[in-house]
Each structure stands twice: as C-alpha cells, then as structure tokens.
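Taking it in order: structure first as structure tokens, then the write-up.
What follows is calculated from the coordinates using simple rules that are stated; it is not laboratory data. What you are looking at is a predicted structure, and each value in this text was computed from that prediction instead of being measured. Don't worry about glycine lacking a Cβ; one is built from the backbone with ideal geometry, like all the others, and counts go over all protein chains shown.
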Amino acid sequence: MTDRRAWVSHAVGLLEADANRSADTHLHVFPLPPEWGIDLYLKDESVHPTGSLKHRLARSLLLYGLVGGQIGPDTVLVEASSGSTAVSEAYFARMLGLEFITVVPRSTSPEKIELIEFAGGRCHFVDEPLEVYAEAERLAAERGGHYLDQFTYAERATDWRGNNNIADSVFQQLRRERFPVPTWIVVGAGTGGTSATFGRYVRYHRHDTRVAVVDPEGSAFFDAWRTGDRAYATGRASRIEGIGRPRVEASFVPTVVDEMMRIPDAESIAAIRLLRDRTLHWAGGSTGTNLAGAFRLIAGMLARGERGSVVTLICDGGARYAGTYYDDAWIAAHGMQLAPYRARMDRFLETGEWSDDV
Ligand SMILES: Cc1ncc(COP(=O)(O)O)c(C=O)c1O
C-alpha cells in the first residue's frame with residue numbers, strides 16, 4: 001500500500017472511531033394533550049460533539065473526499081459555510097491534522113467565527129453572501145486543496161439507504177412507540193441534504209411517511225418548490241441560521257418533498273422560546289421553524305380526526321443564540337413581534353385549533 005493510501009486508511013479509521021465513540025442522539029417526546037391521539041417527537045441533534053446535525057454531514061463529506069481520492073495527508077480543506085457545517089468540518093479536519101478554511105460573509109456573527117476558530121478552522125471573508133461559492137472554489141484551486149462543497153455533495157455523500165443515517169436512527173428509536181411509522185417528518189433546508197435523506201429513506205423502505213420542509217422568510221426554496229423553477233433566487237440571506245438560502249442549492253431534491261410551508265421568522269423564534277419554557281430544551285432558530293411547521297401539520301391531522309406521530313429535529317443548541325434569538329433587544333432591533341405568534345401556539349396547545357391569523 002502506498003504512503004498516501006496508508007494515510008487515507010488511517011484517516012478513515014479515525015472517523016469511524018469518532019462515530020463509534022458517539023452515542024446516538026436522543027428522541028425526545030414533546031408534551032401534547034394525550035386525548036389528541038398524536039405524538040410529537042424531537043430528534044435532538046444538538047448533542048453531537050460539535051453541537052448540531054451537521055456533525056453527521058461533515059463526517060460523511062470527509063469520508064466521501066477520502067474514499068474518492070480527493071483528500072490526502074497535505075490537502076487544504078475549503079468550505080463555504082458560516083455555520084454549523086464549518087464548525088463540524090473544522091473538528092474533523094483537526095482530527096486528521098489538515099488545514100481547514102471556510103469562506104464566510106463578513107456579516108457572520110462573532111459567536112459563529114469564534115466557534116469555527118475554537119474547532120481549529122480559519123475564516124476567509126467575502127462581502128456578499130452569494131460570493132461564498134466562487135471564492136471557496138478559487139481558494140481551493142489557489143491552495144491546491146479540496147472544496148468540500150456541502151451545497152453540492154450533501155445529498156450524495158449521505159447514504160440514504162440506512163447505515164445509521166439520521167432517518168434510520170429515528171425509525172429505530174420509534175420501533176416501540178404506539179405509532180412507529182410517523183405520518184410526517186418536518187425539517188428545514190440549508191443544503192437540502194437532510195430532507196433528501198429522509199425523503200429517499202422513507203421511499204426506499206416503503207413507508208407512507210410524508211416529508212414536509214419548512215422555509216424562513218426571504219429563502220428561495222419555497223417558491224422554487226411551488227413553481228418548479230429551480231433557477232428561482234432571492235439573493236437574500238436568511239435570518240434563521242442554518243436554513244433558508246438565497247438560491248436553490250444543488251442538494252435540495254424537490255421531488256422527495258411532499259409539502260412545504262413558509263414560516264415567519266418571528267414565529268420561529270417565538271417557537272424556540274415556547275420550547276424552552278415547556279421542555280427546558282434550548283435550541284437554535286431552525287428548530288423553531290421546524291416546531292411551528294409541526295404544529296400546523298398536527299392541527300390539520302386533528303381537524304381530519306387522524307391519529308399518528310410526527311417527528312422533527314432539534315438542529316443545534318440555543319447557547320449560540322443567547323445574543324440574538326434569546327435577546328429581547330436584538331428582537332426589537334430587528335423589528336420582530338413575538339407575542340402574537342406565541343399566543344397562537346399556546347392557544348393551539350390548549351385547544352388544538354390553529355387560527356390562520358395572528
Ligand atoms: C442549525 C441548522 N439547522 C438546519 C439545517 C439544514 O440542514 P440541511 O443543510 O441538511 O438542509 C442546517 C444546515 O446547515 C443548520 O445548520
């Protein structure tokens with residue numbers, strides 16, 4: 001075996017050992033009135049070593065590059081991410097002794113930059129959110145490195161058949177529940193990789209589970225899915241970190257998405273505060289978007305007299321957002337009114353009714 005192949009073999013072993021050291025993430029029950037006959041579960045991805053659902057993706061992208069021959073002992077790794085993915089990729093790059101650079105918009109929060117640097121990564125700044133892709137490509141070429149490119153490869157690097165992917169883990173953990181095959185799975189989309197994994201998994205395993213994707217304000221996914229126009233773009237950055245994109249990313253697979261909902265940002269943030277108050281789970285904004293979407297679908301099931309289970313994700317922890325989503329001054333500065341959305345959700349959890357207007 002060549003030195004390079006021996007290094008790759010060792011590197012794969014390190015990543016597999018990390019997977020072996022990690023316990024599976026919990027599946028929590030969100031308290032709903034028992035008489036509804038509906039169970040809501042939260043898959044808690046915030047407990048991964050790097051604090052988000054991106055721990056799985058980063059490991060898959062590194063493995064994909066290693067077994068594909070693109071990553072070797074001196075490869076500089078480059079990504080376009082200001083968030084969770086960069087934190088997780090930096091963690092694995094350091095584990096393999098590789099340099100990691102992520103291209104981020106200059107507007108990225110100091111907290112996120114600190115997290116990436118703490119994990120061993122370096123940030124390279126661009127002025128406009130849409131410049132990150134080309135700059136990451138340029139930087140990788142300039143350094144003779146490898147552009148991990150989560151937006152293109154997320155849907156390819158993850159094994160949708162099983163192999164302990166997030167969907168497999170959820171279905172394993174539901175096996176002893178009264179509704180082991182969920183009616184709905186609700187997720188957001190950043191790369192689109194998570195929704196693609198769930199969508200393919202339920203079709204491959206022939207479950208009649210449907211996948212719903214929630215989208216924040218200003219994101220391109222909802223209108224693109226509704227109209228079928230993949231070229232649709234808004235050019236706008238999302239205020240809900242991790243989800244919502246200014247363009248339709250390559251890893252978004254609309255043909256495995258059964259339903260989409262646009263969720264107001266103020267509602268996403270009101271929902272994570274409700275989650276904290278009712279369960280003591282602190283979560284990031286994209287979890288609130290998920291929860292608001294799940295409530296809508298449960299209201300629909302109740303109205304139709306359906307029983308069953310619904311699963312959604314806690315995508316990352318709330319500590320990262322103490323200075324934003326959990327800060328009333330930040331909320332006010334961004335002109336958001338949380339109270340009407342909170343009142344609607346509290347009323348829904350009391351009565352089961354979901355009023356269209358807030
Ligand atoms: C916090 C958070 N939630 C949700 C997502 C969406 O996941 P995906 O990229 O698989 O669509 C991301 C993606 O970066 C994220 O960071």
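Worth a mention:
- Listed residues Ala224, Ala329, Ala250, most fluctuating in the chain (Gaussian network, C-alpha, under 10 Å): Ala329
- Ala141/Arg236 FRET efficiency (R0 35 Å; Cβ-Cβ; nearest 0.05): 0.80
- Alpha-carbon centroid distance for the pair the range 202-280 / the range 17-65, whole angstrom: 18 Å
- In order along the range 184-199, the Karplus-derived 3J(HN,Hα) couplings, from 6.51 cos²θ - 1.76 cosθ + 1.60 at θ = phi - 60°, round to 10, 10, 10, 9, x, 9, x, 7, x, x, 5, 5, 5, 5, 5, x Hz, and Gly and Pro are given as x.
- The alpha carbon radius of gyration of the chain, expressed as a multiple of 2.2 N^0.38 Å, is 0.97.
- Rounded to 5, the percent of DSSP beta bridges in the chain classed as antiparallel: 20 percent
- Once the Cα atoms are used to define both axes, helix 54-67 deviates from the longest principal axis of the chain by about 30 degrees.
- Note on the chain: with charges restricted to the Cβ of Lys and Arg (+1) and Asp and Glu (-1), its dipole about the Cα centre is near 780 debye.
- Full extension of the chain segment joining Gln70 with His334 gains 90.8 nm, where the gain is 0.36 nm per residue of separation less the Cα-Cα distance.
- Gaussian network model of the chain, springs between alpha carbon atoms under 10 Å - residue of Ser309, Ser22, Ser46 with greatest fluctuation: Ser22
- Taking label points 7 Å from Cα along the Cα-to-Cβ direction, Arg176 and Glu128 give a separation of 5.5 nm.
- Dipole magnitude (debye, nearest 20) for the range 91-149, charges at Cβ of Lys, Arg, Asp, Glu: 220 debye
- Looking at the range 54-154, the pairs of alpha carbons with a distance over 24 Å make up 10% of the total.
- Check: the range 54-154 dipole with +1 on Lys, Arg Cβ and -1 on Asp, Glu Cβ, in debye: 380 debye
- Each residue, Leu27 and Asp229, gets one label point 7 Å from its Cα in the Cβ direction; the gap between the two is 4.0 nm.
- Residue-count net charge about Thr351 - beta-carbon cut-off 13 Å; Lys, Arg +1, Asp, Glu -1: -2
- Once the mean of 1/r is taken over each pair of separate Cα atoms and inverted, the range 170-281 shows a Kirkwood hydrodynamic radius of 15.0 Å.
- Coupling constants for the range 308-313 follow from the phi torsions by the Karplus curve (6.51 cos²θ - 1.76 cosθ + 1.60, θ = phi - 60°), and in residue order they are x, 10, 10, 10, 9, 10 Hz; glycine and proline get x.
- Most fluctuating residue given options Leu174, Leu313, Leu291, as computed from a GNM of the chain linking Cα atoms under 10 Å: Leu174
- Helix-only [θ]222 nm of the chain, DSSP H runs n ≥ 4, -39500 (n - 2.57) each, per residue, nearest 500: -13500 deg cm²/dmol
- Amide H within-cut-off set for Asp316, under 5 Å, with H built and near neighbours excluded: Gly284, Thr287
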